[in-house]
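A short worksheet on the structure shown next.
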Amino acid sequence: MQLRRHVLILRTAAALLAALPAVGCTQQPAVGPPRTAMFNATDTAWIQLMIPMDERAEQLTALASSRTADPALAEIASASEAGLKDELSRLRALLKVSGVPDTRPHEGHSMPGMVSLDVLDRATTTTGKELDRLFTDSMRAHLAQTRTLCTGERASGWSKAAMELASAIERSAADQLALLNAPR
């Protein structure tokens with residue numbers, strides 16, 4: 001009986017040892033949180049809101065850079081357009097990293113600070129001083145709201161990358177506001 005038990009134990013141990021390399025070679029789960037766990041609801045909401053806000057502002061800056069009466073304002077619009085294109089690229093890349101699908105939940109909305117579709121329509125038919133006023137008023141509102149949203153992201157976000165981008169966008173918005181408010 002003891003010999004039989006000893007043989008059973010040896011066979012079981014041999015079977016376990018034979019199975020060990022196969023178990024050790026299987027793919028192990030990734031260490032760390034999944035991508036979406038690195039972003040909280042504030043992070044993704046901020047990204048999904050900033051994209052359409054910047055898209056509309058970029059459309060306005062493109063129109064203003066060629067239609068304004070003030071050469072200094074045309075320069076500000078051109079620089080803003082380039083900055084917004086860069087921000088959009090970085091925001092879209094961050095959305096992709098977050099793993100959240102680009103469902104465009106704010107498409108077509110008019111929210112505080114977002115350049116309205118009406119403003120964009122008027123900007124296509126307006127030139128000179130009237131466009132200058134339309135551009136500066138709309139961009140001031142956009143930049144002020146951008147700063148508010150970025151402050152909220154930095155205070156409540158989880159993603160280090162999103163919070164760093166929010167800081168960079170907030171600094172850029174402050175610089176652009178200073179340019180718009182400077183006497184010309």
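Worth a mention:
- Residues in the stretch 121-149 that are within 21 Å of the chain's Cα centre (by Cα) and without any contact (Cβ under 8 Å) to a residue 40 or more places away in the chain: Ala141, Leu143, Ala144, Arg147, Thr148.
- Matching residues in the stretch 141-184 - criterion: being closer than 17 Å to Leu95 by Cα and not small (Gly, Ala, Ser): Leu149, Cys150, Glu153, Arg154, Trp158, Lys160, Met163, Glu164, Leu165, Ile169
- Taking the stretch 63-95 as the range and being part of a helix (DSSP H, G or I) and of a type in the set (D, E, K, R) as the test, the residues that pass are Arg67, Glu75, Glu81, Lys85, Asp86, Glu87, Arg90, Arg92.
- Residue tally, condition under 27 Å from Ala72 (Cβ atoms) and either of a type in the set (Val, Ile, Thr) or surrounded by fewer than 21 Cβ atoms within 10 Å (Cβ to Cβ) (or both), over the stretch 140-152: 7
Rundown of residues vs (1) over 19 Å from Leu84 (Cβ atoms); (2) modelled with pLDDT under 95; (3) open to solvent by 80 Å² or more (accessible area, probe 1.4 Å), yes/no style:
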{"position": "Val115", "(1), (2), (3)": "no, no, no"}
{"position": "Leu120", "(1), (2), (3)": "no, no, no"}
{"position": "Ser138", "(1), (2), (3)": "no, no, no"}
{"position": "Arg154", "(1), (2), (3)": "yes, no, yes"}
{"position": "Ser167", "(1), (2), (3)": "no, no, no"}
{"position": "Arg171", "(1), (2), (3)": "no, no, yes"}
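- Extreme residue, nearest to Met38 (Cα to Cα), among residues of the stretch 128-184 that are assigned to a helix (DSSP H, G or I) and among the basic types (Lys, Arg): Lys160
- The single condition from (1) open to solvent by 90 Å² or more (accessible area, probe 1.4 Å); (2) assigned to a helix (DSSP H, G or I); (3) in contact with a helix residue (DSSP H, G or I) (Cβ under 7 Å, 6 or more places away or on another chain) that Glu107 fails is (2).
The values are calculated or read from the model by the stated rules, or taken from the named source; none is laboratory data. Remember, it's a predicted structure, so these values are computed and weren't measured experimentally. So basically every Cβ, Gly included, is an ideal-geometry build from the backbone, and we count neighbours across all protein chains shown. With ligands, DNA and RNA removed, areas are computed over all heavy atoms of the protein, side chains included. Shrake-Rupley method; radii C 1.70, N 1.55, O 1.52, S 1.80 Å.
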